[in-house]
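Below is one structure; the comments refer to it alone.
The values are calculated or read from the model by the stated rules, or taken from the named source; none is laboratory data. This structure is a prediction, so every number in the text was calculated from the model and none was measured. Here the Cβ positions follow ideal geometry from the backbone for every residue, glycine too, while neighbour counts run over all protein chains shown. To get the accessible areas, we keep the full protein, side chains included, count just its heavy atoms, and leave off ligands, DNA and RNA. Shrake-Rupley method; radii C 1.70, N 1.55, O 1.52, S 1.80 Å.
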Amino acid sequence: MVYEDLKQKVAVITGGSKGIGNAIAERYGKEGMSVVINYNSDQQGAEQVVTKIIATGGQAIAVQADVSTEAGVQKLVDTAVKQYDHLDVWVNNAGMENQHPTTELSLKDWQRVIDVNLTGVFLGSKAALNYFTSHNKKGNIINMSSVHEQIPWPTFAHYAASKGGVKLFSQTIAMEYAARNIRVNAIGPGAINTPINAEKFTDPEQLKTTTSMIPMQRIGDPKEVAAAAAWLASDESSYVTGITLFVDGGMTLYPAFQDGRG
Ligand code: BGC
């Protein structure tokens with residue numbers, strides 16, 4: 001346990017069954033938080049992290065919901081309040097990606113990525129904001145963005161557009177609700193060792209290409225992103241709102257200019 005104040009707090013994490021969401025759920029459990037872990041299809045992954053948290057004396061519950069729907073996010077608010085009495089921290093983590101040249105990107109693929117990565121962040125934030133404001137509570141929203149809120153990513157136009165959207169959406173609501181004592185921040189992970197990237201990073205050539213784009217010359221661990229999510233959720237970051245905290249080994253630092261090139 002690192003942050004004392006967290007142990008009183010209740011968090012909802014969307015997309016908590018694998019990858020970064022899973023690591024955040026585990027870390028929040030270790031901090032003594034009560035955690036609502038959302039999943040869409042991977043019930044087993046979500047249940048596994050629930051079991052881990054409960055085994056170490058924490059409280060957690062897995063809840064199926066599609067975060068791109070209003071009914072889905074409301075179910076998460078209701079579960080948090082019913083099980084743990086209140087809600088303090090909302091992590092919009094659920095996300096997806098797939099690769100297509102833009103000329104071949106179907107409207108269906110575009111729409112699904114925008115629905116989950118951007119509309120999901122809007123709906124989750126709106127549900128959390130409604131809860132915080134109607135209960136006159138201080139609140140905390142953390143949105144999972146990406147280095148691609150800043151770095152263009154050819155053949156992932158829908159993904160990059162969704163993350164660019166997450167950036168300005170987060171900053172906008174951070175400003176809109178700052179005076180109500182609601183903080184909103186984003187985290188911008190770089191290349192992290194998660195199931196989304198599993199195929200890519202098990203290919204040694206691809207791994208070499210990716211690490212060459214990272215000044216720290218290694219891919220990140222989900223736990224390193226979870227550490228940022230713990231700090232942002234805690235009162236230790238009490239004066240921080242509207243930022244994107246990049247957790248990327250320096251990927252956003254224009255590594256092509258390394259050694260004075262350019
Ligand atoms: C993507 C990863 C990618 C990384 C760096 C992330 O947002 O999810 O697939 O490796 O950005 O490009």
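Annotations for the structure displayed:
- The H on the amide N of Gln64, modeled in the peptide plane, is under 5 Å from the matching H of Tyr39, each at least 5 residues off or on a different chain.
- Under the simplified labelling scheme, the Ala55-Arg261 pair shows an inter-label distance of 4.5 nm, with each label point 7 Å from Cα along Cα→Cβ.
- Dipole magnitude for the chain: computed about the Cα centre from +1 point charges on Lys and Arg Cβ and -1 point charges on Asp and Glu Cβ, it is near 320 debye.
- Residues in segment 247-260 carry Karplus couplings, in order, of 10, 9, x, x, 4, 7, 9, 6, x, 4, 8, 3, 6, x Hz; the curve used is 6.51 cos²θ - 1.76 cosθ + 1.60 with θ = phi - 60°, and Gly or Pro positions show x.
- Considering only alpha-carbon pairs that sit under 8 angstrom and 6 or more positions apart, the relative contact order computed for segment 122-262 is 28 percent.
- Accessible surface area normalised per residue over segment 193-262 is 62 Å², counting heavy atoms of protein chains with a 1.4 Å rolling probe.
- Between the residues Gln44, Ser237, Asn92, the greatest Cα displacement towards the positive end of the dipole of the chain, with unit charges on the Cβ of Lys, Arg, Asp and Glu, is found for Ser237.
- Positive-end ranking of Phe201, Ser146, Gly262 along the dipole of the chain, with charges on Cβ about the Cα centre, is headed by Ser146.
- Of all accessible heavy-atom area on the chain, the percent that carbon and sulfur account for (1.4 Å): 54 percent
- Estimated [θ] at 222 nm from DSSP helical runs (n ≥ 4, -39500 (n - 2.57)) normalised by residues in the chain, nearest 500: -13000 deg cm²/dmol
- Close amide H partners of Gly139, meaning residues 5 or more places away or on another chain with modelled amide H under 5 Å apart, are Ile182, Arg183.
- Part-to-part distance (alpha-carbon centres) for segment 129-165 and segment 242-257, which is given in Å: 16 Å
- Three-way shape call for segment 9-91 based on the alpha-carbon gyration tensor, with the a/c threshold at 1.5: oblate
- Given charges at Cβ of Lys, Arg, Asp, Glu: the chain dipole, positive-most of Ile53, Thr133, Val77: Thr133
- Contact order for the chain, expressed relative to its length and based on alpha carbon pairs under 8 Å spaced 6+ residues apart, stands at 19 percent.
- Between Glu236 and Gln206, full extension at 0.36 nm per residue minus the direct alpha carbon distance yields a gain of 7.0 nm.
- Diffusion of the chain by Stokes-Einstein, at 37 °C in a medium of 0.692 mPa s and with Rh set to the Kirkwood radius over alpha-carbon pairs, works out to 177 µm²/s.
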